[in-house]
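Okay, so here's the structure we're looking at.
The values are calculated or read from the model by the stated rules, or taken from the named source; none is laboratory data. Note that the structure is predicted; figures quoted are calculated from it, not measured. Methodologically, a virtual Cβ is constructed for each residue, glycine included, from the backbone with ideal geometry; neighbour enumeration extends over all protein chains shown. Keep in mind that these areas ignore ligands, DNA and RNA; they rest on the heavy atoms of the full protein, side chains included. Shrake-Rupley method; radii C 1.70, N 1.55, O 1.52, S 1.80 Å.
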Amino acid sequence: VVRTLPRFLTVDEAFRVMDAPAADSGREEPLRARDAVILELLYGAGLRVSELAGLGVGDVDLVARRVRVLGKGSKERLSPFGEKAESAIRRWLEIRPLVLGRGAGRAGEALLLGVHGTALTVRQIQNVVRRHGALGAGRGDLHPHALRHTCATHLLDAGADLRAIQEMLGHASLKTTQRYTHV
């Protein structure tokens, strides 16, 4: 069985995708703010799309700049994120109550909400990534997993330790991390 990995983005493409929500005139401000959080956590923290969809507001630690994630095999880990993600999350948390109100509070503690105030699904997150992949880098085929793959590759290229990347991504095996990073 031949396994292919998603093509990763160049650093320039990644920056253009991360900047796409701010320039997306087809979206109202709350959704642009939410979309920025989606992209920043998929790329900046290397989250899986299912992990991102499962995040609650209480899973985010803005002071320590990390999220508590329930990964594969129900393993919990803390994944760090950077300044851009922190500021995107802070902005979203300011306006999230307005979006939550549209759904009469049905989303509970879900971090990410859809237009009607309900918790965002994996499919909706995939659509957001495709939208901004097309707008930012001309990549309408961009998938959330490609952002995770790009995160790992860029970290390794910048000199990060392979074991640290393994821990951040929640990989049980170093071989998996090596596949992700084209080692």
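Tabulated data for the structure shown
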read-out	value
Filter result for D141 (modelled with pLDDT under 95, over 19 Å from the mean Cα position of the chain (by Cα) and of a type in the set (D, E))	no
Enumeration of residues in segment 6-15 that are at pLDDT below 90 and either surrounded by fewer than 19 Cβ atoms within 10 Å (Cβ to Cβ) or in a helix (DSSP H, G or I) (or both)	P6, R7
Any hit, segment 82-92, residues being under 21 Å from H171 (Cβ atoms), of a type outside the set (S, T, N, Q) and either in a loop (DSSP other than H, G, I, E, B) or touching a strand residue (DSSP E or B) at 6+ places or on another chain (Cβ under 7 Å) (or both)	yes
Within segment 165-183, considering residues that are polar (S, T, N, Q) and either part of a helix (DSSP H, G or I) or under 18 Å from the mean Cα position of the chain (by Cα) (or both), the one farthest from K75 (Cα to Cα)	T181
Condition met for A146 (more than 22 Å from D59 (Cβ to Cβ), surrounded by 21 or more Cβ atoms within 10 Å (Cβ to Cβ) and touching a residue at least 40 places away in the same chain (Cβ under 8 Å))	yes
Filter result (part of a loop (DSSP other than H, G, I, E, B) and either touching a Gly at 6+ places or on another chain (Cβ under 8 Å) or among the acidic types (D, E) (or both)) within segment 16-49	D24, E28, R48
Filtered residue count, segment 16-49, keeping only those that are in contact with a strand residue (DSSP E or B) (Cβ under 9 Å, 6 or more places away or on another chain), among the basic types (K, R) and modelled with pLDDT of 95 or more	1
Total residues in segment 49-78, condition surrounded by 20 or more Cβ atoms within 10 Å (Cβ to Cβ) and within 19 Å of H145 (Cβ to Cβ)	7
Residue within segment 154-164 that is closer than 21 Å to A33 by Cα and outside any loop (DSSP other than H, G, I, E, B) present	no
Positions within segment 45-99 being more than 22 Å from P30 (Cβ to Cβ), touching a residue at least 40 places away in the same chain (Cβ under 8 Å) and β-branched (V, I, T), in sequence order	V69
Residue match in segment 130-142 (condition: in a strand (DSSP E or B), free of Cβ contacts under 8 Å to residues at least 12 places away in the same chain, open to solvent by 60 Å² or more (accessible area, probe 1.4 Å) and not small (G, A, S))	no
Exclusive hit being in a helix (DSSP H, G or I) and modelled with pLDDT under 90, set L52, L98	L98
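Residue by residue, here is whether (1) of a type in the set (A, V, I, L, M, F, W, C); (2) farther than 15 Å from L31 by Cβ; (3) within 17 Å of the chain's Cα centre (by Cα) holds:
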| site | (1), (2), (3) |
| --- | --- |
| G103 | no, no, no |
| V115 | yes, no, no |
| A137 | yes, yes, yes |
| H145 | no, yes, yes |
